1. Explain nothing, just the number: dipole magnitude of chain A about its Cα centre with +1 on each Lys and Arg Cβ and -1 on each Asp and Glu Cβ, in debye rounded to the nearest 20.
2. Just to confirm a number: summing +1 for Lys and Arg and -1 for Asp and Glu over residues other than A:SER526 whose beta-carbon lies under 14 angstrom from that of A:SER526, what do you get?
3. Between helix A:17-48 and chain A, what is the angle of the helix's C-alpha long axis to the longest principal axis, kept within 0 to 90° and rounded to the nearest 10?
4. Ordering A:ASP507, B:ASP11, A:ASP130 from largest to smallest accessible area (1.4 angstrom probe), what's the sequence?
5. Quick one: net charge around A:PHE504, please, counting Lys, Arg +1 and Asp, Glu -1 for every other residue with C-beta under 14 Å from its C-beta.
6. Using the alpha-carbon atoms, what tilt in degrees (0 to 90, nearest 10) does helix A:403-418 show relative to the longest principal axis of chain A?
7. Mean separation of Cα pairs under 8 Å and 6+ residues apart, divided by the residue count of region A:160-281: what relative contact order is that in percent?
8. Kindly state, as a whole number, the per residue volume in cubic angstrom of the convex hull around the alpha carbon atoms of region A:1-153.
Amino acid sequence: MSGTEYTASDLFVERFPDQARIVRIAFTNAFVALGVGALFGVLQALHRTEILRIVESPTYYTILTGHGVFLVISFTIFFLVGLYQWAVTDSLGRRPVDMRVTWTWLGLMSVGTLIAAIAILAGFLDDPPDVLGSELSADVLFTFYAPLQAHPLFYVGLVLFVVGTWLAGFDWFRSWWAWKSDNPGERIPLPTFMVLTTMIMWYISSIGVATAILAFILPWSLGITESLNPTLTRTLFWYFGHPVVYFWLLPAYLLWYIVLPHLSGGRLFSDPLARVVFILFILLSTPVGIHHQYLDPGISEGFKFIVMTNTMFLLLPSLLTAFTVVASMEHGARQRGGEGTFGWLTALPWRDPAFTGMALAGLVFAFGGFTGIVNAGMNINYLVHNALWVPGHIHTQVGTAVALTFMAGTYWLLPQLTGNRLVGRSVALFQVVLWFVGIIFMTNSMYRGGLIGMPRRTAEPQYAFDYEIGVGSVTELDVQLALGGTLLFISTLLFLAIVLLTLFNNDSEPIVDGTIPPALSGPEDSPRILDDLRVWVAIALVLVIFAYAFPLANIVSRGGLFGPDISPFPVVTDLASHPVTVDAVLTLQHGVATATALIT
Amino acid sequence: MTDGNVTREIDHDEYDPVGTLALIVLYFVILLLMWGFTYFIEFLGNDPTPMLLA
Ligand code: HEM
Ligand SMILES: [Cu+2]
């Protein structure tokens, strides 16, 4: 394919105009969410560090909720459905069986987002209106479990959104079934395989959050039930809350496995290894959610320990990916004349924003892995839990590995989806590098701030005490956080501008090569059982039951399905009949500061 | 646009990802150093947990 300038008829938009339209709408939704989310991000960065405060500190929670929900739910998942719609259509070479289904899921997801967004944004009003008998508000953060309570509309919006994604998965399965009956005995094309396995993981895990909302949180927020069992809803949330991170990540993996080797000038190193990785995610991503609850009371240490072991197994697919993707890049570099142990790195197409964005995203991901292992360790987690370290980790992973890959992928996909030439390639290159620089400043500050105990999720991290810091100073950390956040915001604006200009750049010939070369080692080198999805679903379900049946039974038998109460500790209120506990209860009531004073 | 300058085709059998191996080894070395650093910050020079709760 040397030097081919593709004629428009080869472009995705020419072959599947209606599908290109679906993808463009999904991407538009994603990018609107990205823009608002990034604005909220920079406001947080400047507010926390007391550089610029345009809202009152209590409103910080509205901003933080918007930032979390718009970015990790709307931006990532709308991009995912767009990308997957492209991947299935392109790799199977066929349109959906029934386009009405496609429009329905896109509509459900959009309406759901809108409803949830209204509930969140009402938090900015001085006097939010009453809707359905309660005040409109949803300052519950993206980890929306009890005791924080949102207006019912927020949960209704989320439910519609999630149901939309379920229907999208059904749509893709249906395309595959139709393709299978036309192509009996053929291996599932790799991109479609990745889509189907991701969706299986999503079905298994999102059932947890659906149960939490529909059975407990929504009725409680509507006033139908009086109380709930907070440990139960937290556990159901995290049952979904860990796999959802792979739901963000797997589309980035798809781009790394499918597009990055091609951008490097080579071919995917191994198709079978890629399949194994996606299967490992079906099996391993759900039975680990309790690792977010190491510090939750009401779950035995034993369960937590088992989950820690499961979590460490998840390193395996990440390391396999690092190997396969880097080996594919090296293959490309050597084909382009690269030599030597490290010299080949210079033969990579570093001037291509799509390539450079994805490569830098992968690099950040590798280092985010280290902090992930720290979070996963049961004891060392105590050090960083709820500290600023955690957003540090979040921004290296979903905030960069995923977000930057999506932006870079857009640079490659957009011309094929619009038929327009990408505007400002060198600005695009600058944009991805700027994101990389911004994230280094911001997360460096967050990690180090976390290690000295700075809390996350607060407008006032300094309270009234000083942090003891070994290297540098708190002011220096603040400056880095604000600077990094500002660079990220500028980078986002550049990205959105390039996308917008490209959309309107319609009297141009795109320069893009959309063909995906076959893998060096193709699917014929792998056992057929990899494609037998039923086997993997069955094993995954067994693992989930092993991991969750006992903890859940335990939690319910102690707290009841609808719980004793949602009030925080202490649960014991009848002090007179428990004279011995009075001291302990009072101590805890006065918080950590008092406790420390009593002990020392 | 990116594969315009492929200078030679390398197929499966003649390809050895030695550079990848080198990078992965390097990555592990960095991880070990980071663990060492974390250990240094967290454990060395800190007193044992006080046993005053009894
Ligand atoms: C313009 C770019 C961004 C800036 C300036 C930014 C800034 C911040 C800051 C300062 C916080 C910490 C707030 C606190 O704990 O008090 C935060 C939290 C967070 N950010 Fe970002 N961020 C950006 C982009 C992203 C992206 C792209 C994602 C994900 C796709 C993301 C996901 C999150 C999440 C999940 C949290 C934690 C929210 C919570 O604790 O509820 N951010 N961000
Ligand atoms: Cu997790």
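1. Values: 26 positive and 38 negative charges, 210 e Å.
In total the dipole reaches around 1000 debye.
2. Details: positive: A:ARG187, A:ARG275, A:ARG528; negative: A:GLU186, A:ASP271, A:GLU524, A:ASP525, A:ASP531, A:ASP532.
Here the charged neighbours net out to -3.
3. 40 degrees
4. On the way: A:ASP507 140, B:ASP11 75, A:ASP130 115 Å².
Putting A:ASP507, B:ASP11, A:ASP130 in descending order of accessible area: A:ASP507, A:ASP130, B:ASP11.
5. Values: positive: A:ARG24, A:ARG421; negative: A:ASP507.
Taking every other residue near A:PHE504 into account, the sum is +1.
6. Long axis of A:403-418 versus the principal axis of chain A: about 40 degrees.
7. Values: 64 pairs, mean separation 36.4, N = 122.
30 percent.
8. Working: hull volume 25.4 nm³, N = 153.
Dividing the Cα hull volume of region A:1-153 by its residues yields 166 Å³.
The values are calculated or read from the model by the stated rules, or taken from the named source; none is laboratory data. Given the structure is predicted, the values throughout are model-derived calculations rather than measurements. Here Cβ is always computed from backbone atoms with ideal geometry, including for glycine, and neighbour counts include all displayed protein chains. The protein model used for the area step is the full one, side chains on, heavy atoms only, and it has no ligands, DNA or RNA in it. Shrake-Rupley method; radii C 1.70, N 1.55, O 1.52, S 1.80 Å.
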